[in-house]
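In what follows, a single structure is set out as structure tokens and then discussed.
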Amino acid sequence: MRYRAFLIILIGVALSSQVSGQTLPDESAGDPKYICGDVNNNGTINLLDVVMLFTYLFNMGPVLPNPDAADVDKIPGLTNNDIQYILNYLFRAGPRPNCPPYADSLIQVTNDSLEVRNRAVPPGISKCKVEFWLHSTDTVPGVSIPFSYFCETSQLICDSISFEGSLYSQGDMKRAVADNEAGKALLMNSTANFSHITMPSDGLIASAWFTLTPSVDTQFIQIKITTYPPSNVAIFSRYKWNNPTYAFLPRFDCVDPDGDGFGDPGNPTNICPEDNCPAVYNPRQEDGDGDGVGNACDNCPNYPNANQLDTDGDDIGDMCDFVCGDANGDDYVTMLDAYFLINFLYLHGPSPYPLHSADTNHSGKVNILDITGIITFLYKGADDPDCPGL
């Protein structure tokens, strides 16, 4: 109802002003068939263009004759900022519309970042809330976040999206919609009276609730910035009436070449969790031996070896690349290994490498029992030595 009320006011103002506007010579660099800002393609720029763009953005009107003519703010994609740009041009002597291709297409990107939290869904859980956090202290007249959502292990349904905190009470043109068939959603919030929205102090701007099929394993919801008409670019608009228009793009600040939602180590700007296998897709981040290297890429997944040392280059880490009971490292288990251990334990001789290759009874210690284990294996028909890491 608020959208329609605002639309009625716009139409009334347009009619009362006899739909006067500014007719411009055609200076569009890329297409001589339209006037930049002439959204309805009637040869002039006036409030009726604002009305048509407004109805299009909020799915209350027809498809635009030429979307490029409505993209007036030098920022790719149609958003509420284009409406404000035209109004500023018509009534506040603002800069003239500037449509694609742009004379200056550079979008200034600041250090502000968009963070998505709570993507891991614990076992047995069917409902999950994903939170959107914007780290910024600026006031803005408009927010636009088109995003996709996906879970590789379950059908994912977006039940609801809502603004949080100060954004819940601010802004008079809000939109939060989800298209579960496409797996895409859109968050938009802006003002119609040229005022600004103050970002919440804690950074939380919105939440989305999802339903998925419970699993015995942890599941992962993937959220990514995407294109979703009518807002085909994610923008947090920072518009100043008497200064050039510029914007900043929300960034996930996550260097993540393998696309599993966890960022490469060594990137201090990452706001996503650190990936324990940067070159291998492993959204579950399983690490059975707890050495910080995920099972998917650990060359010794059964024994901690954070340095991943592999002396012979056979892709099996040194901590797992041995014959159990072979204390002297000659690839055989003989009495020489028993002598080697006696020398190590009682005569300050060299240590087996790795040390646990001599832990033949899997006790976590190397002692006299391991020596007797080798001897009984060799001469008494005892069970094979059993070392950690194998």
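The values are calculated or read from the model by the stated rules, or taken from the named source; none is laboratory data. None of the values given here were measured: they were computed from a predicted structure. Virtual Cβ from ideal backbone geometry, glycine too; neighbours counted across all protein chains shown. Protein only, heavy atoms only, side chains kept; ligands, DNA and RNA dropped before computing areas. Shrake-Rupley method; radii C 1.70, N 1.55, O 1.52, S 1.80 Å.
Among the residues of the range 264-286, is any part of a strand (DSSP E or B) and either at pLDDT below 75 or surrounded by fewer than 17 Cβ atoms within 10 Å (Cβ to Cβ) (or both)?
Yes; the residues of the range 264-286 include at least one that is part of a strand (DSSP E or B) and either at pLDDT below 75 or surrounded by fewer than 17 Cβ atoms within 10 Å (Cβ to Cβ) (or both).
Give Asp312, Asp318, Asp291 a once-over and let me know the one that is open to solvent by 30 Å² or more (accessible area, probe 1.4 Å) and either hydroxyl-bearing (Ser, Thr, Tyr) or in a loop (DSSP other than H, G, I, E, B) (or both).
After applying the criteria, what remains is Asp312.
Where residues in the range 57-82 are among the polar types (S, T, N, Q), modelled with pLDDT under 80 and part of a loop (DSSP other than H, G, I, E, B), which of them is surrounded by the most Cβ atoms within 10 Å (Cβ to Cβ)?
This residue is Thr79.
Looking only at residues that are of a type in the set (Gly, Ala, Ser) and not in a loop (DSSP other than H, G, I, E, B) in the range 336-374, which one is surrounded by the most Cβ atoms within 10 Å (Cβ to Cβ)?
Taking the candidates together, the pick is Ala358.
Counting only residues that are of a type in the set (Ser, Thr, Tyr) and open to solvent by 10 Å² or more (accessible area, probe 1.4 Å), which one in the range 134-150 is modelled with the lowest pLDDT?
Thr137
Which residue pairs have Cβ atoms under 7 Å apart, sit 6 or more places apart or on different chains, and have a first residue in the range 151-165 that is more than 12 Å from Lys127 (Cα to Cα) and a second that is assigned to a loop (DSSP other than H, G, I, E, B) and open to solvent by less than 20 Å² (accessible area, probe 1.4 Å)?
Filtered contacts from the range 151-165: Cys151/Ile221; Gly165/Pro200.
Kindly list the number of the only condition in (1) open to solvent by 10 Å² or more (accessible area, probe 1.4 Å); (2) at pLDDT 80 or above that fails for Glu131.
The single condition Glu131 does not satisfy is (2).
Which pairs do you get when a residue that is on the phi > 0 side of the Ramachandran plot, found in the range 82-96, comes within reach of a residue that is open to solvent by 10 Å² or more (accessible area, probe 1.4 Å), reach meaning Cβ atoms under 9 angstrom, with the pair 6+ apart or on two chains?
Once the first residue is on the phi > 0 side of the Ramachandran plot and sits in the range 82-96, its partners that are open to solvent by 10 Å² or more (accessible area, probe 1.4 Å) give Ala93/Asn242.
Restricting attention to the range 11-34, does a residue exist that is modelled with pLDDT of 65 or more and open to solvent by less than 40 Å² (accessible area, probe 1.4 Å)?
Yes, some residue in the range 11-34 is modelled with pLDDT of 65 or more and open to solvent by less than 40 Å² (accessible area, probe 1.4 Å).
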